[in-house]
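The values are calculated or read from the model by the stated rules, or taken from the named source; none is laboratory data. Note that the structure is a prediction, hence the values are computed from the model and not measured. Cβ atoms come from the backbone with ideal geometry, glycine included; neighbour counts cover every protein chain shown. For the accessible areas, the whole protein counts, side chains as well, though only heavy atoms, and no ligand, DNA or RNA atoms are used. Shrake-Rupley method; radii C 1.70, N 1.55, O 1.52, S 1.80 Å.
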Amino acid sequence: DTGVSQNPRHKITKRGQNVTFRCDPISEHNRLYWYRQTLGQGPEFLTYFQNEAQLEKSRLLSDRFSAERPKGSFSTLEIQRTEQGDSAMYLCASSLNAVSGNTIYFGEGSWLTVV
Amino acid sequence: ILNVEQSPQSLHVQEGDSTNFTCSFPSSNFYALHWYRWETAKSPEALFVMTLNGDEKKKGRISATLNTKEGYSYLYIKGSQPEDSATYLCALGLTFGNEKLTFGTGTRLTIIP
């Protein structure tokens, strides 16, 4: 069990540039989630996938953000035209079944700094 | 807006002492309560998932209880050790599919050797 893997772990980018983060969930986990954490706050839900289908997106996810999970395995989160307010940690998580009470496993996160 | 509140925000505990902290949430629309331990530069580690009123879970020196009727959960650490230093997050699952968690802001625990 290699756990949830995210890369890059750190990204510094200039305002206006595009960035992409990748998440590899635990093998066979059909649910994949993206969260964002800013300093002093708990993680906030962004979006989730059931296999390759994106089933819900938060209002936090502006149209500059897009997430994909093309083959129901790994996922990418792209932020276009980054703004300083996008600076945060982006966390990916996965779980096996759509049942309450199942453990949701998180990756180590990808830090984004927009300068 | 759903408020999941954790208290205290931070806590310093002498090594060997026991401690506890609280997660409070609205008691309606509850499906699951998750506890995570998050050490710096690591991934949040899942500690417990609780779904039933009166649930009690234990993992080594750490245990948790759940009261869904009054909307709170307690996390207990017995005989604190330096490796217990971390941020402890609770998160509420509001829907049956458990697909979206609402997190508290965490309790930052520091164990003093």
* Karplus (6.51, -1.76, 1.60) ³J(HN,Hα), θ = phi - 60°, over segment A:16-33, in Hz, Gly and Pro reported as x -> x, 7, 9, 9, 9, 10, 10, 10, 10, x, 5, 3, 6, 6, 8, 10, 9, 10
* **aspartates and glutamates whose Cα lies under 18 Å from that of A:K14, excluding same-chain neighbours fewer than 8 positions away** => A:E78, A:E83, A:D86
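Can you give the accessible area per residue of the protein assembly as shown, in Å², using a 1.4 Å probe?
On the way: 11160 Å² over 228 residues.
Using a 1.4 Å probe on heavy atoms only, each residue of the protein assembly as shown averages 49 Å².
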* Asked: Based only on Cα atoms, what Rg/Rh ratio does chain B have, Rh being taken as Kirkwood's radius?
  -> 0.96
* Structure fact -> Once the in-chain neighbours fewer than 8 apart are removed, the lysines whose Cα is under 21 Å from B:K78 read B:K57, B:K58, B:K59
* Structure fact -> Here the whole-number average of other chain Cβ atoms within 10 Å per Cβ of A:43-52 is 3
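Once the other residues with Cβ under 9 Å from the Cβ of A:G16 are scored (Lys, Arg +1; Asp, Glu -1), what is the net sum? Show your work: numbers first, answer last.
Working: positive: A:K14, A:R15, A:R81; negative: A:E83.
Result for the local shell: +2.
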* Can you give the accessible area buried between chains A and B, summed over both chains, with a 1.4 Å probe, in Å² to the nearest 100? -> 1800
* On average, how much area does the Cα convex hull of the protein assembly as shown cover when viewed from any direction, in nm²? -> 12.2
* **Length gained when the stretch B:S28-B:T95 is fully extended (0.36 nm per residue, less Cα-Cα span)** => 23.0 nm
* Asked: B:N20 label point, 7 Å along Cα→Cβ, cut-off 12 Å on backbone N: hits in segment B:72-87?
  -> B:73-78
* Carbon/sulfur fraction of accessible area - the protein assembly as shown, other protein chains in place, 1.4 Å, % -> 46
